[in-house]
Amino acid sequence: MCGIAGEVRFDGASVDITAVKAMSAALAHRGPDGDGLYHAGSVGLAHRRLSIIDPAGGAQPFMDDAAGLALTYNGEVYNYAEIRNELQDQPFRTDSDTEVVLRAYARWGIGCLARFRGMFAFALHDRRSGKLFLVRDRLGIKPLYYHATRHGVAFASELGALAGSGRFAGELDRAALASYLRFGYVPTPATIWRGVRKLEPGCFLEVDLASGGIAQHRYWQLSPRVRERVESEALEELDALLDEIVRLYVRSDVPFGAFLSGGVDSGLVSALMSRILDSPVRSFTIGFAEDSYSELPFAEQAANLIGARHTGAILSPELSRSLLERIAGRFGEPFADSSAIPTWLVSNLAAREVKMVLSGDGGDELFAGYNSYAAVYDAMTPRAPSSMWGSALARFGVRRDPARVSWQRIHHSQRDTFAAGTRARLMGGDGRPDRDEDEMSRPAGADPVSRCQYRDVGTYLLDDILTKVDRMSMDNSLEVRVPLLDHKLVEFAFGLPLDLKIGRAADGSVETKRLLKRSAGRFYPRELTDRRKWGFGIPVHQWTNGPLKDLILDLLDSGAPRLAAHLDPAEVRKVVRDYYAGRGERIGEVWNLLSFRLWLDTAGESVAGSAVGRPSLAPA
């Protein structure tokens, strides 16, 4: 796990290696174990290394002068040993998966991507063809940002590194801001900066250094193909696949452990690890003093059942402003998921003992675990929606007649923050996002729950969950692996019939993650696997009315010029005052605005006022 950056020029000039070094320095937290630089005329590549595989031999950028190849690579290809066995005639000089990536390209060209199982983002310079390839893994687990102009392309693992390099002018994208106000993040491929893009998952950019041509190609697309199967056969297939995946994902040359919440997903991953490893799994959990929010007792119970060596800690609500600003700044653009705070803290806790952990992220999206899926299923089935969801559906104008239900509105009710009218008032009449997330036409013919899952994989999972985990863990120089997002498991899960993911329990309630819970039942009692879903969030109402209240009022209720340059201060104050006057439902809006203001403070004067001109790659 590492940080990468670089720049290529199209005008024949030598790349500004000082700017490349500056991007590398901004990524030092992602790779404290080493740094490297490659400079060949109009191409400059940088690397910051967190050593996990072959610590002694895997330094980067990795070069093969004879083949004319140079690679800077972030991530892990878990089946590297199997691929290496196919390349025995290649001149290997290390035991790293980095070299396997380069040798695989030398043998199969860019088609090598189809063979990789893992999480990765990399840049590969092929001098013989005169091309640079920028690549991102199938699910977008690892990030890659780029800025392209007629002069060249600059790229980096984090937006903050690219933004701070001086490679483009800091013009805030108003459509991206509208998206942020709605979702709490900026959806791929946009960023908060005009002209800067996120490389889409399952894609690569092919950059022709001679012509300046840039083409994006898709090498993987999730295409669900549902086939009927009986539960016993599907469960046997799932168990075997999970066993295989976890065996691949625990390959490491450094100490590692697991995030363990006591829920189904992380509990299953940790249990599979405990069965494979010769020593107890080192597991980590963050809890809260507020018992109704803390999963620490469940995590401790799960750890005891699998014999893990567990470490837990209680998160104090007395958060420093400096920590909140550090977290806000690490995303490089506004990001409003409050669970970034405990994610940072559990990463910090784990990093004191290990360099890598496995997590259970992805289980909800793959096996229909979210409450919003349960609400959609409850509304689409013949019986009337249960009392659990009835009031929520009524609030969004959803009829109880299944034939007239708006599935999008049910699902969005638990995803959206600011409604269109409030966005428009905040932004002076311009509150339309740059991407219409209401469109869920793919996969064609799928049931409403599966369509919601499909949407979430390409939006909420990608731009919220995975972004949060990457930035918060890497800020603590910790690698997080996500075995439930192995692409073979993703394809398996999206091929399951609906009734193996979600359905009615004997008491008439909606049961989520049915098949995954059956698999976890090998290790845990039903009191753990069947307990209600908890989100990994802070006690946000208690904290915003307690230790964070003064900070919120100071930053949002004072009409600060930096915030007023982008949002109407009267509307901001109204949101805050409504919340503190008793309208608790506005808490998500308050947190969204607080996160935006904290990001503005970390972004500096470049966004203090209005647009400052079109971005352009700085001349050499």
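Figures for the structure shown
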{"read-out": "Any hit, segment 17-37, residues being assigned to a strand (DSSP E or B), more than 18 Å from HIS147 (Cα to Cα) and among the charged types (D, E, K, R)", "value": "yes"}
{"read-out": "Only listed residue being under 26 Å from ALA210 (Cα atoms) and under 25 Å from the mean Cα position of the chain (by Cα), chosen from TYR38, TYR73", "value": "TYR73"}
{"read-out": "Subset of segment 516-539 (residues that are touching a Phe, Trp or Tyr at 6+ places or on another chain (Cβ under 8 Å) and surrounded by 21 or more Cβ atoms within 10 Å (Cβ to Cβ))", "value": "LEU516, ILE538"}
{"read-out": "Restricting segment 328-342 to residues that are in a helix (DSSP H, G or I) and open to solvent by 10 Å² or more (accessible area, probe 1.4 Å), the residue that is nearest to LEU598 (Cα to Cα)", "value": "ALA328"}
{"read-out": "Among (1) out of contact with any strand residue (DSSP E or B) (no Cβ under 6 Å at 6 or more places or on another chain); (2) open to solvent by less than 10 Å² (accessible area, probe 1.4 Å); (3) aromatic (Phe, Trp, Tyr), the one test that TYR80 misses", "value": "(2)"}
{"read-out": "Identity of the residue in segment 14-30, open to solvent by less than 30 Å² (accessible area, probe 1.4 Å) and of a type in the set (A, V, I, L, M, F, W, C), that ends up farthest from GLY213 (Cα to Cα)", "value": "LEU27"}
{"read-out": "Selection from segment 443-496 of residues that are among the hydroxyl-bearing types (Ser, Thr, Tyr) and either open to solvent by 10 Å² or more (accessible area, probe 1.4 Å) or in a loop (DSSP other than H, G, I, E, B) (or both)", "value": "SER450, TYR454, THR459, TYR460, THR467, SER477"}
{"read-out": "Unique match (being modelled with pLDDT under 95 and within 22 Å of the chain's Cα centre (by Cα)) among PHE256, PHE288, PHE284, PHE298", "value": "PHE256"}
{"read-out": "Residue under evaluation PRO189, criteria (1) surrounded by 15 or more Cβ atoms within 10 Å (Cβ to Cβ); (2) in contact (Cβ under 8 Å) with a residue 40 or more places away in the chain, criterion not met", "value": "(2)"}
{"read-out": "Output for segment 88-114, where each listed residue is of a type in the set (S, T, N, Q) and either closer than 16 Å to GLU206 by Cα or open to solvent by 50 Å² or more (accessible area, probe 1.4 Å) (or both)", "value": "GLN88"}
{"read-out": "Residue under evaluation GLN60, criteria (1) modelled with pLDDT under 95; (2) farther than 28 Å from LEU358 by Cβ; (3) touching a helix residue (DSSP H, G or I) at 6+ places or on another chain (Cβ under 7 Å), criterion not met", "value": "(2)"}
{"read-out": "Residue count, segment 550-563 (criterion: at pLDDT 75 or above, loosely packed, with under 13 Cβ neighbours inside 10 Å and within 18 Å of TYR579 (Cα to Cα))", "value": "2"}
{"read-out": "Unique match (being aliphatic (A, V, I, L, M), closer than 20 Å to THR512 by Cβ and either assigned to a loop (DSSP other than H, G, I, E, B) or touching a strand residue (DSSP E or B) at 6+ places or on another chain (Cβ under 7 Å) (or both)) among VAL254, VAL226", "value": "VAL226"}
{"read-out": "Scope segment 344-372; condition open to solvent by less than 10 Å² (accessible area, probe 1.4 Å), under 30 Å from ALA175 (Cβ atoms) and polar (S, T, N, Q); matching residues", "value": "SER372"}
{"read-out": "Flag for ASP89 being free of Cβ contacts under 8 Å to residues at least 24 places away in the same chain and within 19 Å of VAL8 (Cβ to Cβ)", "value": "no"}
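Yes/no per residue for (1) more than 18 Å from THR602 (Cβ to Cβ); (2) over 18 Å from the mean Cα position of the chain (by Cα):
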{"site": "ARG167", "(1), (2)": "yes, yes"}
{"site": "PRO187", "(1), (2)": "yes, no"}
{"site": "THR191", "(1), (2)": "no, no"}
{"site": "SER211", "(1), (2)": "yes, yes"}
{"site": "ILE214", "(1), (2)": "yes, yes"}
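The values are calculated or read from the model by the stated rules, or taken from the named source; none is laboratory data. This is a predicted model, so every value here is computed, not measured. Virtual Cβ from ideal backbone geometry, glycine too; neighbours counted across all protein chains shown. Surface accessibility is based on the protein's heavy atoms, side chains included, excluding ligands, DNA and RNA. Shrake-Rupley method; radii C 1.70, N 1.55, O 1.52, S 1.80 Å.
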